[in-house]
Amino acid sequence: MSELNLLEKTELWVNEIILEQVNLTEMASAVARVLGLPEDKVMVVDVRPTHVTFDLVEKEILQENILGKEEALLTALESIPGVHLTPDSHIHSNGILGLICAQGDHPEEVLRRVDAMRSEIVEKVSRRAIVFPTGFELEQGLIEDTNTPYLTALLEQHGYSVTTGPVIPDDEPVMTEVLSDALSRGFGLILTSGGVGAEDKDHSVESVLNLAPDAAAPYVVRYEKGHGRHVKDGVRVGVGRVGLSTLVTLPGPHDEVEMTAPVLIQMLHDGRSCEEIADNLAGILARKWRGQTWHHEHHSQS
């Protein structure tokens, strides 16, 4: 059987269970053994009076290792000292892991359900967006954040569910950590505005490359490195993908966001590659920086 991508849905709950002085490591190890995973790939993340939550630190799992494994899991847990099942004990999980509870299904029916689950999860994730403003100017309240309200309204008009993220400071490790957290939270589109320049305070593109090393990061304009305020050799935009998520670094000036954001949304809708999207955004900004008139011809590029 094939490997199934868990699509960020990695938690499973054991409900209506009674615990008495139980070793949680033993419980996690029992679950791992039943699911054919290394013992360090399963951990207990929550314990309540009537249920325990496990998290699988794994992106993919063999279909044969989860299909219909509810009874085997409950039996393995019951063998641990201090674990007591009840007549109502059962396992629950969202997404692909829900196949643990499949009973008596034909293989073709299982595959149909897997495909349906995958499609549903992909669609939900793809319509979840988070917008992060960046920079000390916003962090200290020196300037008004006009980009976030604009991007939020634009994305919502195109059917996205939008979350406003906090202002990310001009710090590459912090920015990388914030964007990584957004990935783990299952946002299909992660946008930053600002921080794409050539100064020492600009870290947006580098942070995306830390998470998506093969991200497209074309230049908008090049400089002589170390000349004036420019500690980097140019201004770039970045577009990268990690799993189901797309990370995009937009510029800071509001007029440039207005130029590029509608193009981005259209190209995402069209299923364009990271390279195509990044090249189009960089091209729009380059023409503006060269003093040329910006036209609504971007859809025909690339």
*Looking at the stretch 159-196, which of the residues that are surrounded by 23 or more Cβ atoms within 10 Å (Cβ to Cβ) and not aliphatic (A, V, I, L, M) is nearest to residue 231 (Cα to Cα)?*
195
*Of all residues in the stretch 35-60, how many are part of a loop (DSSP other than H, G, I, E, B) and either of a type in the set (Gly, Ala, Ser) or within 14 Å of residue 22 (Cα to Cα) (or both)?*
4
*Among residues of the stretch 278-292, those that are of a type in the set (Lys, Arg) and either within 10 Å of residue 236 (Cα to Cα) or part of a helix (DSSP H, G or I) (or both), counted*: 2
*asked:* I want to confirm something. Restricting to the stretch 163-177 and keeping residues that are among the β-branched types (Val, Ile, Thr) and outside any helix (DSSP H, G or I), which single residue is nearest to the chain's Cα centre (by Cα)?
replied: 163
*Quick one: is residue 92 surrounded by 16 or more Cβ atoms within 10 Å (Cβ to Cβ) and touching a residue at least 60 places away in the same chain (Cβ under 8 Å)?*
yes
*Quickly run through the stretch 125-154 and pick out the residues that are within 21 Å of residue 180 (Cα to Cα), touching a residue at least 24 places away in the same chain (Cβ under 8 Å) and in a helix (DSSP H, G or I).*
125, 126, 136, 139, 148, 151
*State all residues of the stretch 140-178 that are closer than 12 Å to residue 129 by Cα and of a type in the set (A, V, I, L, M); if no residue qualifies, say none.*
151, 153, 154, 155, 162
*Could you say which residue among 208, 196, 242 is touching a residue at least 40 places away in the same chain (Cβ under 8 Å) and closer than 22 Å to residue 149 by Cα?*
196
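Quick note: the coordinates plus some simple rules give every number you see, no bench work behind them. Keep in mind that this is a model prediction, so the values were computed, not measured. Backbone-built Cβ (ideal geometry, glycine too); neighbour counts: all protein chains shown.
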